[in-house]
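Accompanying notes for the structure given below.
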Amino acid sequence: MNASERYEVVIGLEVHVQLRTQSKLFSTAKVGFGDAPNHNVNELCLALPGALPVLNAHAVELAVRAGLATHCRINTHSVFARKNYFYPDLPKGYQISQYEQPLCSAGWLDVIAAEGEAAQRIGITRIHMEEDAGKSLHEGRAGSAVDLNRSGVPLIEVVFEPDLRSARQAVACLRTLREILRYMGVSDGDMEKGQFRCDANVSLRRHGESALGTRREIKNLNSFRFAAAAIEQEVAAQAEILDAGGAVVQATLGYDVDKGRCFVMRSKENADDYRYFPDPDLLPLKLTQQRIEAIRATLPELPEQRRARFEQDLGLRADDARVLTASRTLADWFEVAALAHGAPQTVAKWVLRDVLGALRERDRDASALALQPEHFAKLLALQDAGRITAKGVRQLLPELLFEGGDPETLLRARGLEAVSDSAELEALVTRVLDENTAVQKSYAAGDTRALNFLMGKVMRETRGRADPQRVRALLLGKLER
Amino acid sequence: MAAPIASLIELCADLESGRSSAVALVENVFARADEVDGALQTLLHPRRAAALEEAAVSDARRAAGRLRSPLDGIPIAIKDNIVQAGEPASCASRILEGYRSPFSATAVERLRGAGAVIVARTNMDEFAMGSSTENSVRGPSRNPWSLERTPGGSSGGSAAAVSAGIVPLALGSDTGGSIRQPASFCGVVGMKPTYGRVSRRGLVAFASSLDQIGPIARSARDCALLLDVLSGADPGDSTALPEAALESHRALDGDVSGLRIGLPKEIRETPGVSPEVLTKVEEAVAELERAGARSLEVSLPHTRFALATYYLISTAEASGNLARFDGVRYGFRASSDGGGVTPMYERTRSAGFGDEVKRRILLGTFALSAGYYDAYYRKAQQLRTLLLRDFEAAFQHCDVLALPTTPQPAFRIGEKTGEPLSMYLTDVFTVPANLTGAPGVSLPCGFQDGLPLGLQLMGRPLEDATVLRVADAFQRRSEYHLQRPPL
Amino acid sequence: MPRITREQVLYTARLARLRLTDDEARAMTRHLEAILDYAAQLETVDTEGVEPMSHVMALETPLRSDAPQAGLSADDALANAPGSDGTHFLVPKILDSETQA
């Protein structure tokens, strides 16, 4: 019997998401990634004496979008507070965050842990705005080095209710959140750049118990794989303690990626006393209901809504709709093409197999598509009209997808125009039959391979530009006569 | 012998008539400083060469008829907690040893934009924490009226430099009385504007919800001219008022007819107030009544809790504001002896801060810490609400409040250093203006044993001009502000 | 019962990253006790239902547009640093026990 059968696993997530802004949360310094150390800083990022914070309007809008997209209540009055602690990458000696009065409260997310399973509604306690710290580098030095480029970068922290019951569900929840926030343009959510980081609170209790067990928090999980592995490992570790009759002691853990295991960073005895209080350098953040509605009006369709619409209005299968809405860029591209073409299911078939296949082959995502979706629709329309074969489409696609262009022009340039002229094709079939009277006789004697041989001849003559079905029909018509 | 420098109004006239030049004024400043500042210790980091250069440029502007403002070419000293690009800003603390600011305070930008010539920085209590300018790493400043007494604080250097006639104008900062109390002790005029009137950008924060930069000068009129230049909205300070710059000097018409002056009855009930102080305040109000004002008694029942409220709120905010002084990015750093970064922090901050700063950081940290927040910090915030209601009610009945600036005249150096609480009690009449955001001005209203006494006038928030108009009206009818210390 | 004990003063000093000698701890305890005794007068005021005030300004925090502006050059940023290698601020090695997530 494994741990999750003996115990109920309770997981709560806290996710830090970097907002997609040009400048920092409270200063006009640039937000960048990979720049030389201490280049994107100004007096506030360095907490120079006399420096003051002023709030970035776009960061507020993005945070509100995040709240609306996750069904939160947007609070018209929220307060920035100081979280006080000393650390070399925290220049002011406090982080400006929100504490008692966050921007968003009481939302939820529907999470499907695995294909075919029912969606679970996971509660969101709150979403608040805060600034990021800088970076301390410890590797291979006698001392530590501090880079403050990241100091003050805008974040939201999404705090989930402890509604999750497995590592798998937790990861699905993270994926869903990331997908939505990317969709909404709230964040690029690039985990390798630290734009989407997660802390997981894990506790176990006996099935049927209502009180929560003692929790331990795993900090800074920066990939889905590590999140799953760390949570699973922590569940096993806590089960082992409880099995042995022990008690879990509250602690903060880190996850050692190389060793693949959690380690204790801080125990409860030296728990922090952050002395939160309202930041007197800032006034309350107030939003009118009108402003909130105006932001709501600019929200793109949520992925779950779009999926439903693709199924109902475009008649796509659920699985296909899911794949096509996985990224907003792909969904937008597909939708324009489908509308332009008029037969969404045909377009979906081509996108799912050939377009995604080409992207996979090059390890790119939909943002790499240079082909206008209208041109893609046109290409498929040419095939519908018999002016290019399916094979021809496949021949042209890689170039068109990544370089763009008018498919009709390219099709001519490459001489891939289908032989659709009936008279031309009929003449060709007649000529091939005349040149192969011996094969005709074999057919008449019952040798069915003879038909394939003749088919091959005709197709070779057209260099593949003829529709095989039509060639076959013509041949049969003449042979049977 | 260098004469004390004249008031701003007189200097403007001298410059306009060509009797003097900006260069001559700067020379006057440093000649006077050479003579008296050895004893007073008011100026830090004099900018002799730079100031003379800037004065020459101002003179050239004047010759070309391109003056920027009435302050063009006027020398001014600024408190050491207001940053200027390329200049030191030590806040009179060891922990900012060697620091030079790469940016200028908005107030400094406005002064320079107006053509004023910044001649020096002034001594202060470390990080503006104190009421005597004794808590300075550079040693105490002294009171021009009596060298064994303090000039008050924390803007003691600014007030004493104006009083001694070294500069006609100075900037101070006022968190709980730090402009008004030293102005009172030194016999000059000092004003804490309405909270938000002057941008705090570039003012090294002590308590952000209380701090204000303000003018110190020889007269209410001079203060008004300087405040008009300093004031105005600033997108760089979230707590700055969105209002345009003041034109308060235009409001100084000497007319106080019909003005209602409120006298808080709680003043007389405050322990330790000198009878002389009360008498002089009453005489000043009587003078204004002769000019057409009338007085009435008002009640501010929660003012007796104001000082305790102030010390809890200001130290809590300070404990956060002073966390940035950690020896990482600037200033003094002590060695860590290889024990990690925490010992480095502790040694840096323990050696870098003086006792009063440490005491206030500890008090503020304690007031915010787990288990005490509600009893101390939150309770003080609630008292602040009650105090504001008192003042709003009082201002229903009167236009300004008149009260002493301090319970006693200047005390002796060393007299209160061992007992922090008795030092704090000197702020009892000044902290309410900070807690309620109201404008307050201190102006000379008499002497006790040869030491100046201050009348404090408070107005409704935003009514800075009213307060200055009443102060100016009094000065048109009195000569206390024209007295010079016996230097 | 004292309002603040020596242990509390030492705990608070640790939070504030201050190190006190025995003499300083004794003096600070005495001073803080006197100040807190004075502040105890606030306990006599009934503040039930009174909104705590963080700011006298009844305004909302202003917003600025998301337009980056040139900040400090790296040289200027590091100019005041007591410890620097020309690109980073250098501090004593942060110990594992000091690590903040």
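The values are calculated or read from the model by the stated rules, or taken from the named source; none is laboratory data. Keep in mind the model is a prediction, meaning the values are calculated, not measured. Here the Cβ positions follow ideal geometry from the backbone for every residue, glycine too, while neighbour counts run over all protein chains shown.
Worth a mention:
- Members of region A:46-55 found to be more than 7 Å from chain C (Cβ to nearest Cβ) and closer than 18 Å to A:E131 by Cα, listed by number: A:A47, A:L48, A:A51, A:L52, A:P53
- Checked against the criterion of being assigned by TED's automatic domain parsing to the domain that holds A:L359, at pLDDT 80 or above and part of a helix (DSSP H, G or I), the candidates A:R394, A:R472 yield just one match: A:R394.
- Scanning region B:79-104 for residues that are more than 21 Å from the chain's Cα centre (by Cα) and either in a loop (DSSP other than H, G, I, E, B) or away from chain A (no Cβ under 12 Å) (or both) returns B:A85, B:G86, B:R94, B:E97, B:G98, B:Y99, B:S101, B:P102, B:F103.
- Selection of region C:33-63 for residues being more than 10 Å from chain A (Cβ to nearest Cβ), surrounded by 19 or more Cβ atoms within 10 Å (Cβ to Cβ) and small (G, A, S) yields only C:A39.
- Across region A:209-227, a minimum of one residue is classified as assigned by TED's automatic domain parsing to the domain that holds A:P162, free of Cβ contacts under 8 Å to residues at least 24 places away in the same chain and more than 25 Å from A:R322 (Cβ to Cβ).
- All of B:R94, B:R110 fail the test of being over 29 Å from B:L25 (Cβ atoms) and either modelled with pLDDT of 95 or more or crowded, with 24+ Cβ neighbours inside 10 Å (or both), apart from B:R94.
- Among the residues listed as A:E209, A:E217, A:E240, the single one being of a type in the set (D, E) and under 31 Å from the mean Cα position of the chain (by Cα): A:E217
- Qualifying residue in region A:95-104 (condition: more than 31 Å from the chain's Cα centre (by Cα), farther than 22 Å from C:R17 by Cα, modelled with pLDDT under 95 and more than 14 Å from chain B (Cβ to nearest Cβ)): no
- All positions within region B:319-366 that are more than 26 Å from C:P92 (Cα to Cα), within 13 Å of chain A (Cβ to nearest Cβ) and touching a residue at least 40 places away in the same chain (Cβ under 8 Å): B:L363, B:G364
- Residue in region C:12-25 that is closer than 30 Å to B:R304 by Cβ and either surrounded by fewer than 21 Cβ atoms within 10 Å (Cβ to Cβ) or within 7 Å of another protein chain (Cβ to nearest Cβ) (or both) present: yes
- Criterion applied to B:S141, B:S132, B:S208, B:S158 was being more than 22 Å from B:I413 (Cα to Cα) and either among the basic types (K, R) or in contact (Cβ under 8 Å) with a residue 12 or more places away in the chain (or both), and the one residue passing it is B:S208.
- Selection count, region A:394-421, where residues are in contact (Cβ under 8 Å) with a residue 24 or more places away in the chain and either hydrophobic (A, V, I, L, M, F, W, C) or farther than 21 Å from A:T346 by Cβ (or both): 12
- Any hit, region B:171-188, residues being closer than 21 Å to B:A51 by Cα and within 16 Å of the chain's Cα centre (by Cα): yes
- Candidates are the residues of region A:32-89 that are over 30 Å from B:K79 (Cβ atoms) and of a type in the set (F, W, Y); the one that is surrounded by the fewest Cβ atoms within 10 Å (Cβ to Cβ) is A:F33.
- Residue-level check: of (1) more than 25 Å from B:D337 (Cβ to Cβ); (2) facing chain A (nearest Cβ under 8 Å); (3) of a type outside the set (S, T, N, Q), C:H88 misses just (1).
- Applying the criterion of being in contact with a Phe, Trp or Tyr (Cβ under 8 Å, 6 or more places away or on another chain) and more than 8 Å from every other protein chain (Cβ to nearest Cβ) to the residues of region B:367-388, the residue that is surrounded by the most Cβ atoms within 10 Å (Cβ to Cβ) is B:A367.
- Residue match in region C:13-20 (condition: farther than 16 Å from A:V146 by Cβ and touching a Phe, Trp or Tyr at 6+ places or on another chain (Cβ under 6 Å)): yes
- Members of region A:318-337 that are at pLDDT below 90 and more than 21 Å from A:R182 (Cα to Cα): A:A318
- Looking only at residues of region A:339-357 that are under 25 Å from A:T176 (Cα atoms) and of a type in the set (G, A, S), we find that the one that is surrounded by the most Cβ atoms within 10 Å (Cβ to Cβ) is A:A348.
Rundown of residues vs (1) of a type in the set (G, A, S); (2) within 22 Å of the chain's Cα centre (by Cα); (3) farther than 20 Å from B:E282 by Cα, yes/no style:
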site: B:T385; (1), (2), (3): no, no, yes
site: B:T405; (1), (2), (3): no, yes, no
site: B:G440; (1), (2), (3): yes, yes, no
site: B:G450; (1), (2), (3): yes, no, no
site: B:Q456; (1), (2), (3): no, yes, no
site: B:L468; (1), (2), (3): no, yes, no
site: B:A473; (1), (2), (3): yes, yes, no
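- Residue within region A:368-381 that is closer than 21 Å to A:E311 by Cβ, touching a His at 6+ places or on another chain (Cβ under 6 Å) and either outside any helix (DSSP H, G or I) or of a type in the set (G, A, S) (or both) present: yes
- B:G292 vs. criteria surrounded by fewer than 23 Cβ atoms within 10 Å (Cβ to Cβ) and within 14 Å of another protein chain (Cβ to nearest Cβ): no
- Residues considered: A:L285, A:L302. Of these, the only one that is surrounded by 15 or more Cβ atoms within 10 Å (Cβ to Cβ), in contact with a His (Cβ under 8 Å, 6 or more places away or on another chain) and in contact (Cβ under 8 Å) with a residue 40 or more places away in the chain is A:L285.
- Any hit, region B:65-74, residues being of a type outside the set (G, A, S), under 25 Å from B:R221 (Cα atoms), touching a residue at least 40 places away in the same chain (Cβ under 8 Å) and in contact with a Pro (Cβ under 7 Å, 6 or more places away or on another chain): yes
- Test: residue in region C:71-81 that is buried (at least 16 other Cβ atoms within 10 Å of the Cβ) and in contact with a helix residue (DSSP H, G or I) (Cβ under 6 Å, 6 or more places away or on another chain): no
- Filter result (facing another protein chain (nearest Cβ under 7 Å), within 15 Å of B:Y330 (Cα to Cα) and not small (G, A, S)) within region C:64-84: C:L72, C:D76, C:L78, C:N80, C:P82
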